[in-house]
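Visitor: A single structure is presented below for examination.
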Amino acid sequence: MATAPVGTLYRGREGMWSWVAQRITGIAVFFFLYVHVVDTALVRVSPEAYDLVIATYKTPIVNLLEVGLVGAVLYHALNGLRVIAVDFWSKGPRYQRQMLWVILGVWVAVMIPGTYYMMIHTVEALFGSTP
Amino acid sequence: MSLVSPRRGPGLDAPRSTGQRSNYELYAWLFMRISGIVLVFLVLGHLFIMNVLDGGVQRINFAFVAGRWASPFWQIWDLVMLWLAMLHGTNGLRTIINDYAERDQTRFWMKMLLYVSSGFIILLGTLVIFTFDPNIG
Ligand code: HEM
């Protein structure tokens, strides 16, 4: 690759930023997967070792991070489908921007109840509201 | 994967004009899309079952894993998900390294590191699924 680019491939706007986010979420999810395979591998050590590491997933901070991970995976999956539609659907390139807004809408619509169900136990444990 | 043809610049005019031709990059490109579609079901299903369904992560422990992996259905689900996600992610990282690491040496060694660590994780995960012992403790 050249060192001093003349002109640039980076064109800004929705197309570029959706790709930047696809790249960042892909990297983040990939490295989490390394960690996750290793923590699951503790089932081969002992039930106690596994339960101990899983206990960290149940703490408020890791629970919140997990919501972030789910959000990253969900964006990557939805935008991945959009990229596939752009590549294979004859009208895909023309509607790429509209499709981005659609997937962002789906993302918000899924993340609101998703966050609620993922966090409900943590919120109750922290603020102890028993109705 | 750019949507518009790039402006001409150094290195972009004929990026693969020397050496042998092969369809490797085409197959890699296709694999990213096919594995992506399968992963939508496997990964989003996994996240939903583990984090949302009855009690979410709070109910997960060794006994829960033992119950799940007693069934070949979940063993195969997890195995296919592991392989597809690792190969998809590794190929994605390969693209990213190719994009940003400019020196040949750097690029080569970063990719070696990537392949070795991914191979290790795939092997480890596969062994764990196949050798799981519910009575280990
Ligand atoms: C859940 C369903 C998923 C879908 C639909 C999906 C789809 C895609 C697509 C279409 C691409 C673009 C490939 C290209 O530009 O040639 C991509 C890139 C990538 N994906 Fe996924 N993917 C999914 C899950 C994952 C997972 C689980 C990981 C991590 C292990 C991951 C990591 C990556 C990485 C690192 C890239 C490269 C990004 C780049 O080159 O900018 N993806 N994905």
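Laboratory data are not the source of any read-out in this text; all were calculated from the coordinates shown. Nothing here was measured: the structure is a model prediction, and the numbers come from that model. We place every Cβ from the backbone using ideal geometry, glycine too, and count neighbours over all the protein chains shown.
Visitor: Report, by chain and number, residues whose modeled amide H sits under 5 Å from the one on B:ALA101, excluding near sequence neighbours (fewer than 5 apart, same chain).
Guide: none
Visitor: Between the helical axis of B:24-51 and the dominant principal axis of chain B, each derived from Cα atoms, what acute angle in degrees is found, rounded to the nearest 10?
Guide: Around 30 degrees separate the two axes.
Visitor: Taking the alpha-carbon centroid of each part, what is the distance from the stretch A:53-127 to the stretch A:17-42 in angstrom?
Guide: Distance between centres, Cα-based: 14 Å.
Visitor: While we're on this one: Evaluate 2.2 N^0.38 Å with N set to the residue count of the stretch A:16-126, then give the Cα radius of gyration divided by it. Intermediate results must be reported in sequence, preceding the final value.
Guide: Numbers: Rg = 17.4 Å, N = 111, 2.2 N^0.38 = 13.2 Å.
Here the Cα radius of gyration is 1.32 times the empirical estimate.
Visitor: If you split all Cα-Cα distances of the protein assembly as shown into 10 Å bins from zero, what percentages do you get per bin, shortest first?
Guide: 6, 24, 32, 23, 11, 4, 0, 0
Visitor: Separate question: Put +1 on the Cβ of each Lys and Arg and -1 on the Cβ of each Asp and Glu in chain A; which of A:LEU33, A:VAL86, A:TRP101 then has its Cα farthest toward the positive end of the dipole?
Guide: A:VAL86
Visitor: Taking the Cα centre of the stretch A:16-126 as origin and charging only Cβ (+1 Lys, Arg; -1 Asp, Glu), how large is the dipole, in debye to the nearest 20?
Guide: For this selection, approximately 660 debye.
Visitor: Compute the whole-percent fraction of alpha carbon pairs in chain B spaced more than 23 Å apart. Could you put the intermediate results ahead of the total?
Guide: Numbers: 4830 of 9316 pairs.
Of the Cα pairs, 52 percent sit more than 23 Å apart.
Visitor: A further question on this structure: Please identify every one of the chymotrypsin sites (Phe, Trp or Tyr not before Pro) in the stretch A:69-109 that sits in a loop by DSSP and has no more than 15 other beta carbons within 10 Å of its own beta carbon.
Guide: On the way: sites: A:TYR75, A:PHE88, A:TRP89, A:TYR95, A:TRP101, A:TRP107; in loops: A:TRP89, A:TYR95.
Passing sites in the stretch A:69-109 are A:TRP89, A:TYR95.
Visitor: What does the stretch A:1-75 give for Rg and for Dmax, in Å, if only its C-alpha atoms count?
Guide: Both quantities, over Cα of the stretch A:1-75: 18.4, 58 Å.
Visitor: Would you mind telling me which residue in B:TRP74, B:TRP29, B:TRP109 has the biggest mean-square fluctuation in a Gaussian network model of chain B, where springs connect alpha carbons within a distance under 10 angstrom?
Guide: B:TRP109
Visitor: For the stretch A:16-126, what is the relative contact order in percent, using Cα pairs closer than 8 Å and at least 6 residues apart in sequence? Before the final figure, lay out the partial values.
Guide: Numbers: 57 pairs, mean separation 33.5, N = 111.
Relative contact order of the stretch A:16-126: 30 percent.
Visitor: Under the Karplus relation 6.51 cos²θ - 1.76 cosθ + 1.60, θ = phi - 60°, what is the ordered set of whole-Hz ³J(HN,Hα) values for the stretch A:23-29, x standing for Gly and Pro?
Guide: 5, 5, 5, x, 5, 4, 5
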